[in-house]
Every structure is written in C-alpha cells, then in structure tokens.
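A short write-up of the structure that comes next.
A short reminder: the numbers here are calculations on the coordinates, not readings from a lab. Computed from a predicted model, the values in this text were never measured in an experiment. Counting neighbours? That spans all protein chains shown, and the Cβs are built from the backbone with ideal geometry, glycine included.
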Amino acid sequence: MEQLILLLPALPILAALTNQLFAKKLGRSVAKVSVRTGLISFIIASILLGDQLAESHTTGIGLGNGFGILLADPLSCLMAVLITGISLIVRIYSVKYMAEEEGYGRFFILLDLMVAALLLMGSAGDLLTMLVAWHLVGVVLYFLLGFNLRSATASRHAFWTLITYRIGDLAMMLAAAILYHTFGTWSLPEIFTAIRSAPGAHTYGGFTVEEITGSLVAVAAFARSAQFLLHAWLPYTMGGPTPVSALMHVGIVNAGGFVINRFAPIFAQTETVLHVIFFVGLITAIIGSVLMLTQNDIKKALGYSTMGQMGFMVMECGVGAFSLAIYHLIAHGFFKGTLFLSAGSAMSKARKHDGVPKKDLYTFAVERKTATKRQPWVTMALITIAVPITIIFIAHWLVAKDFYQKQGAIILLFFGWVTGAQLLFTTYRMKAQNFPRMIGTILVSFTVLIIGYTVISHAFDLFLYPDEEFRKQIYKTATIEVIWFDLLLILTTLVIVAGWILTYYSEQNRLREKERFNNLWLSFYALVSREFYLMDIYSWMARSLLQLAARINVLLRWR
Amino acid sequence: MFYSDGVNLMDSKILAAALFLPLFPLSILFNVLFEGLRKPLPRIVVLLAWPQIGAWLLQEANSAPPDWAVHLALSTSLLYGFRALVLRELTHWISFLAISSWSLLWLIVGFFDNTEALHLLALGVSLPLAILTLLGGQLEKKFGASYAGLYNGLGHAMPRFSGVFVFTILAILATPVFPGFTTMTAAFLEVTKASLAGSIMLCLIWLTWGWAGSRLIQGFIIGKEHHEEIEDISSGLTWLYALILTGLAAFGIFTLGQLS
C-alpha cells in the first residue's frame, strides 16, 4: 500500500513530460492529461490517508542508497491530500480560465512540475530529497509567476520571490549540512531518533545542534511563509495568472507551517527557538493585518491578508500547537482559494449588481451610519467580556480538562476572546431592527466556529502526534516562566483595553476632526500605506549593491 | 582552519592549480585568455579542458589544499559571483561564472573517495557553460552581439532557443538536480565542518549566482519582442541540447546519490 506514495510525485512529472514531448499532437488536450493525472493522484493520496486514519504508521520507501526516500506517515499523507486536492481544483479552473492565454501547454507543464515538487517536499524522508524539492518549488514558482513573458513587471516580482526563497533555501541547506555532519546520515527518521535518544548531546558553534538547526529551519519557514521582513514579495506577486495566485496562497506559502511540523522532533528539543517563532509570527500577524486594512488595491489587500494568516499560523507553532498550524493552513487554504477562484465571477456579477445588501450592515459598514438608539453599554460590556470567554473555555474544556495548564492554549484562547469581544463590541453601535436575533446569530456562529475549531484541532493533534509524551514535550518547550507569561498577558490585555477605550473616547469627542490628531493620524496612515517604506529600503539596498559591483568591475577593468 | 597545515605554501602544483581552477588575481589571466578567443569552438575547448587540468594538478599535489588557498577560493568565488551581477555581455558572464564555479572545486578535493569524481564534477559544472557559449555564438551570428537588454523578448521570438537557454542557465546556477547542485552540496558539507563563516560565504555565493542568472534571463527572454520574423534554432538541434541537458540532470542525480 505505502508503495503508492512513489506514484504521487511521479504522476505529475509524467504528465509534464507527456505534455512537453507530445505538445503539438495534444494541442489543447494537454489540459486533459494534466487534469486526469491530477485526479488519479488525488485518489491515491486519499487511499493513503485512509490507510493512515485506520492505523497511523511511518514507512520509508527508498529508491536506494539513502537518497530519494519518500515517507508515508500521517503528515505526508495529509499534505498529499491537500496538495493534490487543491491542485486538481486549480487545474480544472485553469482549463477555461487560461484558454485565451499564449503558452497554454507551458502553463500546464509548469503547474504539473510545481505539484510534483510540492508532493516530493511533503513526503521527503531524507534531507537530500527535501533540499531538492525545497529548491525546486522556488524555481518553478519563479517561472509560474513570470508566466507572461512580455511583462517585465511580473518578471521583476517573480525575481523578488525567487531571491527571498533563496534565503530560505540556503538556511535549509546549512541546517541539512550541520545535521549530516553531526549524525552522519541524511535520513530524517534516523536523525530524529538520534535526537530523541540523546537530546542536546551535540554542539555546533557553541550552540546545541537542535538550537542552531531549529533556528535555520525556522528562517527557511519564515522566507517561505512571508514572515515580517521576508514578506515583501507576497503582495506584489499578483501579476501572475489567477490560478497561480490561488495555488500560491493556498498551498505554496503554507510550506513554512509544514516544515516546522516535519522538523518537530528538533524543535521539541530547542530552548529559545519556539519563542522567537512566536514573536515573529505575532509581529507578522499584526503588521499583515494592519497593512491589509490600508490597501486600496484588492489584490494587494488579499496578499497582506495571507501574510497575516501566515503570521497566525507560525505563531501557533511558536506556542507549541503544531498540529493546529496544519489545521489552520488547510482551513486558510480553502477560504483563500475560494476567494481567488471566485474573484472573476464575483467581478462579473458586480458589474450588474454590487451585491451589497442595502440594509443594516451596509448602512453601518459602508455609509458609517450608527444607530441613534444604542443598547445599554453595561449590558453590552458584560456580553462582550463574558460570553466569548465562556464559550472558549467550554470548548477547550470539552477536549482537554487540563488545557489551562498549557500556555499555548491560553494564548490562543486569549486571541479568540479578543476577536469575539471585538465582534460583539462592534454591534453596540450597529443599527438593527431585530437586535436579539442579530446577537443570537453572532453567538451561534461564534460557538459553532470555536467548538468546531477546538475539536478538529484536537483530532489533528491526536492524528499527527499520537505519542502523548512527545505532545507534552512540545508544549513544555514552548512554555516560558509563569511570572513572565502572566506579566505579558496582563500587559497585552491592558494595551488592548486601552485601545478600546481610546477608540471609544475619540469617537465620542470627535477627535478625528481636530487638526493635531488628524495630522498624527495622516502621518501614521502614510507610513502604513507605504508599507513602512520596506520596499524602498530593499530597492535602495539592491541598487547600492549593483553600483558597488559595477565600481569593482571598473576598478579591475572587467577582468 | 579548513585543512591541516604543514603544507608547503609554494608547492608548484598548487600554484599551477591556482591558474587552472583560477584564484584571484590569477583569474585575471584566465579572463584575458578567454576573452581573447573570438570563436565559440576554442572557448568551449578551454571551458572543458581548463578545470580538468586544474583538478589533475590538485590531485597530483598529493596533499590537501592549504588554508590560504581554500580561503582564497571562497573569496574568489564570491568576488566573481558578485561582479557578475552587473554583467550584460554573455562572454563576460560565462567567464566570471566559470571562475566562480571552478573555485569551489578547491573545497571538495578530498570529499570523494575516488579521483574521477572531481574530474566528473568539473565536467558537469563546465558543460552547461560550454552550451551557453554555443548559444551565445548563435546570438552573435543573428544579432552581431550577445548582450542582455539589447534585444529582449526572445521568449516569444525564439521559444525553442529560449527553453534551452533557460535550462542551461539553471544548470549553471547549480539548480537541483544538475551536477552543480552536487558540487555546491559537497562544498557546504566540507565548509560547514570547519566554520560557520565559510558556510555563510557559500550562501552569499549561491545568492549572487541566482541574482545574476535571473538578471540575464530577464535581459534576454522577458519583454516585448522588437524583431520581425527571427529564425529559431532547428527542432533537431533543440533535441540535441535537450538530450545533453537531460544527461547532465541524470548525471547530477547519480552524483547526488554518491553523497550518501
């Protein structure tokens, strides 16, 4: 049964080769070849996942000589279903969407190669195979994003992606070299077994091997998942075909979360890496969301939305909720994929009708008309604070009675509470004909969402990490001292509550209309809308390096 | 320290190898020679033979390269990779990338048990450079010069040529699964053993290659075509190039297997 995993990367490669070799004969039928092999791959991946669900196990299928090992385990099978499923939808969508484009055959060949590289990456059982697949994803993406050969802009943005991915590739290469140098094997299961049996036994450059390789793998994940400072490429790569944007935002960009899960046994033995991962994810989530809110261009806004989501996903890894990150990347993949793939028909419909209901929600959100008669604020404040936290507590308590002992669960609970409270707080000013019905709908949706999210993520935890001791070890590694944790939580709460009070105060006193406040607000808005001038700084750095290279060449007379 | 000391720094074979697997400033001599050759054929002969002589000399030296040579090899590779960023003339680009790639062979002299491996990897690294020289010769024939940015948009005007061109560049940039990738991986394994600083230099070298390569692709392949009816390379020739590149990739996979 496990041998089937060899077919997963082989089938799309075969489709790409067939389409390349018989391009003239096949004509537009290249799409059929691609879709059919995609369907077969999806069926195979589903069979493999079914087998894992029946009884989870890890089997390495090798081509020989310790290289080219494919791993059939819960994580690789889950990723295979996700990749084959989403790529199948993208392929079917592309059949008509790309019909008018030049290079129809080239597009499907590149798409198949990308799927092959992703599947290889997902199931790589040795570092060499992982390196090959990891590099190839970046290279193929470069050509997919620069698919329009006449567009210099698309090519330039594809280059930004490539160079950012290269930074991650090199970090991964360094991690692989250190691991091989330390353990004398490329095999991932063997390396993980060695680490588990003697954690912290080896050092490199004054650090434990786990600490340094964990940091390098984290950098590789940051580059791939557009974390802050390595994110600039993501919002600008919308020049590629829409199916590519969909595949990128749904699948490729999630590789960061996957790779952290794949190297979980290493992260479980680190000291500070998970805290750094949490911090980077948090900053990315906040900055991505802030930048999303200030974009006028819907595509860039979607790009920053993905950045924010990726930040949240990485943050989940940072608190030790590794399997939750996998669930998050799947859930995000589905809703973002729907957004991208339905964008065309939504725009077409919007030309006839904007689709915005001219009711309470419209007058509140678009026309910014708030209710003249508001609900009593004390009642609203109580509902705002008490209801979300009660629901979240019950949901967590259902799956794990001791969840409050895990800092990671508390942090995620905290975020859920803030989000829920924010939603309820907003309704305070909203005009509604039937207020109890509106608040009831919100609460039911919130409850279903939270309980569903908690139960499913718990199921993912049991499926991906059946070893309870290992699960405990990951949470333990992600834990910080109680005093610091409590202080940080109190500080964050105070900042958020202060933000609410400031918002309320400024609305009440119409601060926006006052010149001093307005100037401050405009300066902040300019800073955010220019994306913190990061792109300008990067462009300046690139220009300076090119000038330096030219000067050296002149100095050495181009010899 | 990369390798054991106690090696005669003035070992004549090592010094001669520094000319054939060029180390700065001896690399200038190679550049002068390479650019002095006007026809593609002699350039190809030099590209294929030059590193083989260097590899033979290194192995004949019967001792590991001294530290100064290894440090200089890393610096030379980075210097030429970095300088290649702004190159637009194809012959210059080939020459700089040849120096940058061949310098890395100094790092992996002792890596493989068999002596042929170094020669084969030198060939694997040089062959794509030789193919690019041929392609450059064809461009010179058609346009009078092979210069990025002068006549961009070849992707549409000459699709077969562009396909071969792009794959050749990828092979030069040590993309998996070409032999350059094996060379680079072996170099990482050797350097990482010794120091993190050396590894970071290797990272920078690879980064500059990728940057230089994509600038070249952008300069030749991308953009609106400005030409009327340019004849593409023949289907037969495309197949021949494809066969060579496939062979290179297969050889790359084989050598990658040797790393385990």
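Working from label points 7 Å from Cα in the Cα-to-Cβ sense, the B:Val32 to A:Val448 distance is 8.0 nm.
Per-residue mean of other chain beta-carbon atoms within 10 angstrom of the beta-carbon, peptide B:237-245?
Values: counts 0, 0, 0, 0, 0, 2, 0, 0, 0.
Per residue, the number of nearby Cβ atoms from other chains is 0 on average.
The spacing between the stretch A:178-237 and the stretch B:236-260, judged by their C-alpha centroids, is 30 Å. Peptide packing for A:328-339, B:105-116 was compared via the average number of neighbouring C-beta atoms within 10 Å per residue; ordered from the highest value, the list is A:328-339, B:105-116.
Annotation: extensible slack from A:Thr379 through A:Lys476 equals 31.0 nm (criterion: 0.36 nm per residue apart, minus Cα-Cα distance). Compute the helix-to-body angle for A:468-478: its Cα long axis versus the longest principal axis of chain A, expressed 0 to 90° and rounded to tens. Computed tilt is about 70 degrees.
Between A:Tyr533 and B:Ala145, what FRET efficiency comes out of the Förster formula 1/(1 + (r/R0)^6) with R0 = 45 Å and r the beta carbon distance, rounded to 0.05?
Details: r = 39 Å, r/R0 = 0.87.
With a Förster radius of 45 Å, E is 0.70.
Taking label points 7 Å from Cα along the Cα-to-Cβ direction, A:Glu101 and B:Asp113 give a separation of 4.9 nm. Rounded to the nearest 10 degrees, the inclination of helix A:298-318 to the longest alpha-carbon principal axis of chain A is 80 degrees. Note on A:Trp540 and A:Lys352: with the Förster distance fixed at 51 Å, the Cβ-Cβ geometry gives a FRET efficiency of about 0.65. The calculated FRET efficiency for B:Ser195 paired with A:Ile286, based on their beta-carbon distance and R0 = 30 Å, is about 0.20. Against chain A, whose longest principal axis comes from its Cα atoms, helix A:273-293 is set at around 60 degrees.
Here, the protein assembly as shown has an Rg and a Dmax of 28.5, 94 Å when only alpha carbons are counted. In this simple spin-label model, placing a label point 7 Å from the Cα along the Cα-to-Cβ direction at both A:Val418 and A:Ala301 gives a separation of 2.2 nm.
For the stretch A:441-493, report the translational diffusion coefficient in µm²/s to the nearest whole number, using Stokes-Einstein at 4 °C, 1.567 mPa s, and a Kirkwood Rh over Cα pairs.
On the way: Rh = 13.7 Å.
After rounding, the answer is 94 µm²/s.
By the combined test of axial Cα extent (at least 27 Å) and Kyte-Doolittle hydropathy (mean at least 0.5), the qualifying DSSP H helices of chain B come to B:40-60, B:116-143, B:196-220, B:235-258. For a modelled paramagnetic label at B:Glu231, 7 Å from Cα along Cα-to-Cβ, the residues of the stretch B:126-162 in reach, with backbone nitrogen under 14 Å, are B:138-139, B:141-143.
Packing order of peptides A:262-272, A:311-321, highest average first: A:311-321, A:262-272 (average count of other Cβ atoms within 10 Å over each peptide's residues). For the peptides B:187-200, B:137-150, A:136-149, residues were scored by their other Cβ atoms within 10 Å and the scores averaged per peptide; the highest-first order is A:136-149, B:187-200, B:137-150. Measuring nothing but how far apart in sequence close Cα pairs (under 8 Å, 6+ apart) lie, relative to its length, chain A scores a relative contact order of 11 percent. Partner shielding of B:143-155 amounts to 1, given as the average count of beta-carbon atoms from other chains within 10 Å of each residue beta-carbon. Taking every lysine pair in chain B that is 8 or more places apart or spans two chains, those with Cα atoms closer than 27 Å amount to 5. Partner shielding of B:193-204 amounts to 3, given as the average count of beta-carbon atoms from other chains within 10 Å of each residue beta-carbon. The percentage of C-alpha pairs in the stretch A:451-559 whose separation is greater than 21 Å is 73%.
Label point of B:Phe254 set 7 angstrom out along Cα-Cβ; within the stretch B:120-146, amide nitrogens under 20 Å from it belong to B:120-131.
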